[in-house]
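Colleague: Quick one: the structure is below, questions incoming.
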Amino acid sequence: MGSAPLKPAPLKPARPALRDVLRTGAVGLRTRRTRVVLSALGIAIGIATMIGVVGLSTSSRADLMSRLDRLGTNLLTAEAGRDPYGQEVALPKNAVAMVRRIGPVQHATATADVDARIRRSDVVPEERTAGVTAQAARPDLLTALGAEVSRGVWLNGANERLPVTVLGAVAARRLGVTAPGEKIMMNDRYVVVVGILEPIELVPNLDRVALVGFPAAERYFAFDGRPSTVFERSPDASVEEVRAVLARTVSPGNPAGVKVSRPSDALAAKAATDKGLTALMLGLGAVALLVGGVGVANTMVVSVLERRQEIGLRRALGATRGAIRLQFLTESLLLSALGGLAGAVLGAAATHGFALAQGWTPVVPLWSLGGGLAATLVIGALAGLYPAVRASRLDPTTALNAT
């Protein structure tokens, strides 16, 4: 009795190695280089936009936070406001002395509005003030604000009683004053410019004023000695504590008429605004990336139509539908990755160039590079899915006879 013949095991298609998959997928890219470059350009623009936006926003915020750390966030101002009847509140003459009695306070000083019209000379009409106003200041103002003199000297015990002035950076430019020793008109009196300030970032309105000493303002410009704005610095841990009592301390009789603020809040608000603008620009970058993905999908569909005979030949030689799908999906991913890499390089280069031109430290978060490349792969997979499925469904006989 003979033994039954053995049935051969069913043949299974071999799985191509990763190297073979990549080599096959790259064939279409090498043979259609111009189309590949144009298709990848759309992806590159989208990725470069997104990385550039994130990088520039991060660099800008890092520079802003550095400036905040340097300038300090512990400066408070108390300004004379208006009472419930709309009348301007007058701060007491001893407001600074009272603020200094608050335990955590380290520095307290003040400025005051002075009724004086500023002109370059007596030949300039009185109404042409160049947008420069006059204020009285104390000698310790620069210490409290962390400001610096660009040229000349600041007000001190020797000159604060004399008809001299220190100009803010913008005021000097508007009046055409370039060096100490020049004279300007305040009302009908010539005063000597003894100094020009560097821009004051925390209190930019002081950049547009001419500052005189309190005693000089009282002597020459009928100033009543009442401050308009009190500046105070205290340790960071005590800022909110001081803020809660500052208005009552400055004006015990009418604390509601005193406006208390922290100048650094404006810079912090700018950082928050930058975040909103970044989100908007990222949305525009995403739209550009989507348009690039549509371009890749269009390129892959056209590639399938042009290469029907190649697909038919591969199918006739035994390539499975899965192998065909994998070939065109790999080609789409390689095309998108090419655009993504180019976009990452362009975005990082643009960030570094612009940040250095602005004097910032360039910062390109690694997550933006990784996220951008991941986005390109997702776009490539989605863009190549339909063309890959379409290619795999072509009938070998029909595809071989296609012209």
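The values are calculated or read from the model by the stated rules, or taken from the named source; none is laboratory data. Treat the numbers as computed from the prediction; the structure is a model and nothing was measured. Cβ atoms come from the backbone with ideal geometry, glycine included; neighbour counts cover every protein chain shown. Keep in mind that these areas ignore ligands, DNA and RNA; they rest on the heavy atoms of the full protein, side chains included. Shrake-Rupley method; radii C 1.70, N 1.55, O 1.52, S 1.80 Å.
Colleague: Taking the stretch 191-207 only, how many residues are under 13 Å from VAL177 (Cβ atoms) and open to solvent by 10 Å² or more (accessible area, probe 1.4 Å)? Write out each step before concluding.
Modeller: First, pick out the residues of the stretch 191-207 that are under 13 Å from VAL177 (Cβ atoms): 191-197.
From the residues that got through so far, the ones that are open to solvent by 10 Å² or more (accessible area, probe 1.4 Å) too are 192, 194.
The total comes to 2.
Colleague: Scan the stretch 58-85 and report the pairs whose first residue is at positive phi and whose second residue is open to solvent by less than 30 Å² (accessible area, probe 1.4 Å) and at pLDDT 75 or above, with Cβ atoms within less than 9 Å and a gap of 6+ or a chain change.
Modeller: Filtered contacts from the stretch 58-85: GLY72/LEU202; GLY72/ARG233.
Colleague: Restricting attention to the stretch 296-327, and to residues there that are open to solvent by 70 Å² or more (accessible area, probe 1.4 Å) and polar (S, T, N, Q), which single residue is farthest from PRO396 (Cα to Cα)?
Modeller: ASN298
Colleague: Any chance the stretch 377-387 includes a residue that's under 18 Å from LEU22 (Cα atoms) and hydroxyl-bearing (Ser, Thr, Tyr)?
Modeller: no
Colleague: From THR397, THR320, THR330, grab the single residue that is under 30 Å from VAL54 (Cα atoms) and among the polar types (S, T, N, Q).
Modeller: Working: THR397 fails: under 30 Å from VAL54 (Cα atoms); THR320 fails: under 30 Å from VAL54 (Cα atoms).
None of the other options fit; the residue is THR330.
Colleague: Also, I was wondering about something else. For the stretch 102-116: of the residues being over 21 Å from LEU202 (Cβ atoms) and under 38 Å from the mean Cα position of the chain (by Cα), which is most open to solvent (accessible area, probe 1.4 Å)? Please lay out each step first, then the result.
Modeller: Taking the stretch 102-116 first, the residues over 21 Å from LEU202 (Cβ atoms) are 103, 114-116.
Now drop any that are not under 38 Å from the mean Cα position of the chain (by Cα), which leaves 103, 114.
Working: GLY103: 72, VAL114: 15 Å².
Once the filter is applied, the top-ranked residue is GLY103.
Colleague: In the stretch 350-369, which residues are open to solvent by less than 40 Å² (accessible area, probe 1.4 Å) and under 16 Å from ILE43 (Cβ atoms)?
Modeller: Correct list: SER368 only.
Colleague: Just the residues that are in a loop (DSSP other than H, G, I, E, B) and under 19 Å from ASN187 (Cβ atoms), please, taken from the stretch 214-253.
Modeller: In the first step, residues of the stretch 214-253 are kept if they are in a loop (DSSP other than H, G, I, E, B); the result is 221-228, 234-235, 251-253.
PHE221, ALA222, PHE223, ASP224, GLY225, SER228, listed by residue number.
Colleague: Now a separate question. Do the conditions hold for ALA344, that is, is it of a type in the set (Gly, Ala, Ser), at pLDDT 85 or above and open to solvent by 30 Å² or more (accessible area, probe 1.4 Å)?
Modeller: Details: of a type in the set (Gly, Ala, Ser): yes; at pLDDT 85 or above: yes; open to solvent by 30 Å² or more (accessible area, probe 1.4 Å): no.
No; evaluated as a whole, the condition is false for this residue.
Colleague: Quick one: LEU385 ticks every box in (1) open to solvent by 70 Å² or more (accessible area, probe 1.4 Å); (2) under 30 Å from ARG67 (Cβ atoms); (3) part of a helix (DSSP H, G or I) bar one, so which box is it?
Modeller: With respect to (1) open to solvent by 70 Å² or more (accessible area, probe 1.4 Å); (2) under 30 Å from ARG67 (Cβ atoms); (3) part of a helix (DSSP H, G or I), LEU385 is out only on (2).
Colleague: Which one of these is free of Cβ contacts under 8 Å to residues at least 60 places away in the same chain, within 27 Å of VAL124 (Cα to Cα) and either in contact with a strand residue (DSSP E or B) (Cβ under 8 Å, 6 or more places away or on another chain) or of a type outside the set (A, V, I, L, M, F, W, C) (or both): VAL170, VAL166, VAL149?
Modeller: Working: VAL170 fails: either in contact with a strand residue (DSSP E or B) (Cβ under 8 Å, 6 or more places away or on another chain) or of a type outside the set (A, V, I, L, M, F, W, C) (or both); VAL149 fails: within 27 Å of VAL124 (Cα to Cα).
That would be VAL166, the only listed residue that is free of Cβ contacts under 8 Å to residues at least 60 places away in the same chain, within 27 Å of VAL124 (Cα to Cα) and either in contact with a strand residue (DSSP E or B) (Cβ under 8 Å, 6 or more places away or on another chain) or of a type outside the set (A, V, I, L, M, F, W, C) (or both).
Colleague: For the stretch 133-184, how many residues are farther than 16 Å from ALA116 by Cα, under 34 Å from the mean Cα position of the chain (by Cα) and in a strand (DSSP E or B)?
Modeller: 3
Colleague: Can you tell me which residue is surrounded by the fewest Cβ atoms within 10 Å (Cβ to Cβ) among those in the stretch 370-382 that are of a type in the set (A, V, I, L, M) and without any contact (Cβ under 8 Å) to a residue 12 or more places away in the chain? Can you show your working first?
Modeller: Filtering the stretch 370-382 for residues of a type in the set (A, V, I, L, M) gives 373-375, 377-379, 381-382.
Next, from what is left, pick out any that are without any contact (Cβ under 8 Å) to a residue 12 or more places away in the chain: 374, 378.
On the way: ALA374: 12, VAL378: 14.
Selected residue: ALA374.
Colleague: Taking the options ALA9, ALA17, ALA4, name whichever one is under 21 Å from ALA337 (Cβ atoms), modelled with pLDDT under 70 and surrounded by fewer than 16 Cβ atoms within 10 Å (Cβ to Cβ).
Modeller: Values: ALA9 fails: under 21 Å from ALA337 (Cβ atoms); ALA4 fails: under 21 Å from ALA337 (Cβ atoms).
From the options ALA9, ALA17, ALA4, the qualifying one is ALA17.
Colleague: Still on this structure, please answer the following. Does any residue in the stretch 348-365 that is farther than 17 Å from ALA48 by Cβ come within less than 6 Å, Cβ to Cβ, of a residue that is in a helix (DSSP H, G or I) and open to solvent by less than 30 Å² (accessible area, probe 1.4 Å) six or more places away or on a different chain, and which pairs are these?
Modeller: TRP360/SER59
Colleague: Could you check the stretch 117-133 and list, in sequence order, the residues that are basic (Lys, Arg) and either over 22 Å from GLU218 (Cβ atoms) or open to solvent by 50 Å² or more (accessible area, probe 1.4 Å) (or both)? Don't jump to the end; show me each part of the working.
Modeller: First pass over the stretch 117-133, keeping only residues basic (Lys, Arg): 117, 119-120, 128.
Of everything in the stretch 117-133, those that are basic (Lys, Arg) and either over 22 Å from GLU218 (Cβ atoms) or open to solvent by 50 Å² or more (accessible area, probe 1.4 Å) (or both) turn out to be ARG117, ARG120, ARG128.
Colleague: If the requirement is being touching a residue at least 40 places away in the same chain (Cβ under 8 Å), open to solvent by 50 Å² or more (accessible area, probe 1.4 Å) and either among the β-branched types (Val, Ile, Thr) or on the phi > 0 side of the Ramachandran plot (or both), which of these qualifies: THR397, THR330?
Modeller: Details: THR330 fails: open to solvent by 50 Å² or more (accessible area, probe 1.4 Å).
Checking each option against the conditions leaves just THR397.
Colleague: Under the condition of being of a type in the set (D, E, K, R) and farther than 13 Å from PRO215 by Cβ, which residue from the stretch 143-167 is surrounded by the fewest Cβ atoms within 10 Å (Cβ to Cβ)?
Modeller: By that ranking, first place goes to GLU148.
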